[in-house]
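Heads up, the thing below is written out as structure tokens.
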């Protein structure tokens, strides 16, 4: 159930803002901090949570670390949500069949 770590990490609006910034490509912590209304140490803490949740990759280039969105970071969450969606569609299909069956039964009586 690693999708729960992803949900917990994405629950914070600052972390979602960091991911939005990273959609354009890898960035160092300083550039991310400049784009956000929180301190650089706070951004570093948020980056750690996102990294620990498997949502980011970190690449060292000299003395700088570049953060990027992990290509498979949300796979577990996607599978979980797909399962919920499949369950919802299955329930909708069953309800539609039950209504159709009831209408058919009402029309024959």
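Throughout, read-outs are computed from the coordinates displayed, never taken from laboratory work. In this text, all values refer to a predicted model and were calculated from it rather than measured experimentally. Here the Cβ positions follow ideal geometry from the backbone for every residue, glycine too, while neighbour counts run over all protein chains shown.
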**OP:** Pairs of Cα atoms under 8 Å, at least six residues apart: use those to get the relative contact order of region 3-69, whole percent.
**Re:** 38
Subject >> Separation of alpha-carbon centers, region 53-109 and region 1-25, rounded to whole Å >> reply: 17
Subject >> Fraction of alpha-carbon pairs over 25 Å apart in the chain - percent >> reply: 41
Original post:
Rounded to the nearest 500 deg cm²/dmol, what is the calculated helix-only ellipticity per residue at 222 nm for the chain, with -39500 (n - 2.57) per DSSP H run of length n ≥ 4?
Top reply: -21000 deg cm²/dmol
Original post:
Relative contact order of region 50-109: what whole-number percent is it, with Cα pairs under 8 angstrom and at least 6 residues apart?
Top reply: 20
Subject >> Computed lengthening from residue 68 to residue 108, 0.36 nm per intervening residue step minus Cα-Cα distance >> reply: 8.1 nm
**OP:** Which order do the peptides 75-81, 48-54 take when ranked by the mean count of other beta-carbon atoms within 10 Å per residue, highest first?
**Re:** 48-54, 75-81
**OP:** Set the Förster distance to 35 Å, then compute FRET efficiency between residue 52 and residue 84 from the Cβ-Cβ distance, nearest 0.05.
**Re:** 0.90
